[in-house]
Amino acid sequence: MSKSIWSKLLRVNLSNQKIKEENISEELFKKYIGGAGLATKYLHDEVPAKTNALDLKNKIIFATGPFQGTKIIGSAKFAIVSRLNS
């Protein structure tokens, strides 16, 4: 894995005040290219489609793009992904 990819996911549960660190596989990074793609994949897999925006099952995901921290112009991008009311 590239030195610029940390391959980490930090889960923060505000209800029970617990923090858990997880590794993200290189295959996921290659398939979803980090940032918004990876965040959308986690949201799709972990939050039911009909979840209301204010439901406790909903999640809010902050994800940085694959070029975050580089000198590439426009690389300081991030995504915030969550379900809205349908």
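The values are calculated or read from the model by the stated rules, or taken from the named source; none is laboratory data. Since this is a predicted model, take the numbers as computed values, not measurements. Cβ sites come from the backbone with ideal geometry, for glycine too, and all protein chains shown count toward neighbours.
General observations
- Taking the criterion of being β-branched (Val, Ile, Thr), in a loop (DSSP other than H, G, I, E, B) and within 24 Å of ASN13 (Cα to Cα), the only residue of the range 50-84 that qualifies is THR51.
- The residues of the range 57-83 that are over 12 Å from the mean Cα position of the chain (by Cα) and at pLDDT 90 or above, listed by number, are LYS57, ASN58, ARG83.
- Qualifying residue in the range 63-83 (condition: surrounded by fewer than 13 Cβ atoms within 10 Å (Cβ to Cβ) and touching a strand residue (DSSP E or B) at 6+ places or on another chain (Cβ under 8 Å)): yes
- Scan of the range 26-75 for residues that are of a type in the set (Val, Ile, Thr), in contact with a Phe, Trp or Tyr (Cβ under 9 Å, 6 or more places away or on another chain) and touching a residue at least 40 places away in the same chain (Cβ under 8 Å), ordered by number: THR40
- Restricting attention to the range 5-45, the residues that are loosely packed, with under 12 Cβ neighbours inside 10 Å and part of a strand (DSSP E or B) add up to 10.
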